[in-house]
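Step one of this worksheet: look at the structure below.
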Amino acid sequence: MRRGRRWAGAGFVLACLGLAGVTGTLTPAFGGLSRNLEAVLDTTPDGPPARVTLGPGGRDVRLWGDLNDGTAARLRALLDANPGVTRLHLTSDGGLVDEGVAIGEIVAERGLATYVPDYCVSACTLAFVRGRERIIMGDSRLGFHAPYEPGLFGQMIPVDASDERGRYLAAGLEPAFVDRALATPSRDVWIPDSARLRSAGVVTRVVGPGDLPDSTLDDDDSPAGARAAALRAVDLLAAFAAHRPGVLDGIAARYRASYRQGRSESDGLDLIRAEAVDALRTAFSGTDDATVASLGRLVLEAMTASGSEETCRAIGQDGDLLSAAESLPGSRGSGGVARMRPLLDRALAGPAPIVPTTTAPLPPRALPCADLRRRLAAILGRGDALRLRENLFGRTARRLEASALPGEP
């Protein structure tokens, strides 16, 4: 058995979420906790070593992964080499109590703020609560339970929690909150909502996705990691992965660059979505008239279903095909994204357009949603392929189509 008590690793927390009495408020999709449930039965107390890296601009350190032996030492070495760091990003599902405590001591010594952009569970919370400022996002998850020592075949041996209680109280946490946290059995996890965390003194500030640098690629900032993030953000980009991977690679590269520049998560998501909209418009502009007509009918339906003047105009005026797909009702397998995917596959199966269609649809002046719908319905009713392309893709589409007409110079 390794030195020091251990709190949950990823497989353990998955077991809690799936099989045990998880209490408190949970949000969908528990961040990066995706390892197999068999990890519960693994008597080896280690997961993959935590990544400890310097963030963009040299002001943030990003820690992602299990708190195993040596994590605190690596953090200290990185901070020694980079004295301008002011904030520690924590994304961890737990690990060794000794390491969580040691990281917390480093945080307190250096006067660092701590920030949880996604999840911080078990021993990770001992580091988080030592922050000069303790920051989360509205849907971040902090998970608490009683400490344990690992036994054979996944056995969890309860231990005295006096040390952990004292550390939480010394950090200013409400006694009743600490009692509830440490009364949670080792095989469960309590995840309070952000309001409870603030009222108990656990958290000092709740931020939005546009306030701090993006942490999405903290676990993997490679080109492959950026591609995976883009695919998670926009489902329809999977069609480009299958048919034109270079388009996806370009979007991922630009997103990765924005992450490394220290842009916020919302800025990064806006970049991916804007690039996806341009890619969709370009792909559809080069396809056959029948596919464009099917797309036009889907867009008209989406404008009606959009539910707001702003979204309707984004679809009908600005050519936002991504919002069109997302506006159509239905389950994941039958909604607008699922309905647009076969049209996109058909478009991507043909040759790539020679000229990207990045100009706004006509007319340039703003029109009410009702007028936009009437105009598109009339074009579809006449079967006017040229005007339909112009309406969906803008002037560039009209110029490309016109240039291919017989008798044109």
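Counting only protein chains, not ligands or nucleic acids, how are SER199, SER285 ordered by accessible area (probe 1.4 Å), most first?
SER199, SER285
Which loop-located trypsin sites (Lys or Arg not before Pro) does the range 268-352 contain, where loop means any DSSP state but H, G, I, E or B and the Cβ has at most 10 other Cβ atoms within 10 Å?
Loop-located and lightly packed - ARG332.
Suppose R0 equals 22 Å. What FRET efficiency, 1/(1 + (r/R0)^6) with r the Cβ-Cβ distance, do ARG59 and GLU109 give to the nearest 0.05?
In this case the efficiency is close to 0.80.
Run the numbers for ALA77 and SER308: contour at 0.36 nm per residue of separation, minus the present Cα-Cα distance, in nm.
Going from the current span to full extension adds 77.9 nm.
Tell me, what is the FRET efficiency for SER266 and ARG232 to the nearest 0.05, using R0 = 25 angstrom and their Cβ-Cβ distance as r?
0.95
Sticking with the crude label model, points 7 Å out along Cα→Cβ, report the distance from ALA183 to VAL206 in nm, one decimal please.
Label at ALA183, label at VAL206, 2.4 nm between them.
Along its three principal axes, how long is the range 106-263 when you only count alpha carbons? Whole Å, largest extent first please.
Rounded to whole Å, the extents work out to 57, 40, 28 Å.
In a Debye calculation with equal point scatterers on the alpha-carbon sites of the range 153-228 and no solvent, what is log10 I(q)/I(0) at q = 0.18, 0.21, 0.22 Å⁻¹?
The Debye formula, applied to the Cα set alone, gives -0.89, -0.96, -0.98.
Please give the FRET efficiency for ALA170 paired with ASP345, using the beta carbon to beta carbon distance and R0 = 60 Å, rounded to the nearest 0.05.
0.55
How about the range 108-160: which trypsin sites (Lys or Arg not before Pro) there are in a DSSP loop, with at most 14 other Cβ atoms within 10 Å of their Cβ?
Counting only loop positions with at most 14 other Cβ atoms within 10 Å, the trypsin sites (Lys or Arg not before Pro) in the range 108-160 are ARG132.
The values are calculated or read from the model by the stated rules, or taken from the named source; none is laboratory data. Just so you know, these numbers come straight off a predicted model, no measurement behind them. A quick note on method: Cβ atoms are made from the backbone with ideal geometry, for glycine too, and the neighbour counts reach across all protein chains shown. The area values use the complete protein model at the heavy-atom level, side chains included, leaving out ligands, DNA and RNA. Shrake-Rupley method; radii C 1.70, N 1.55, O 1.52, S 1.80 Å.
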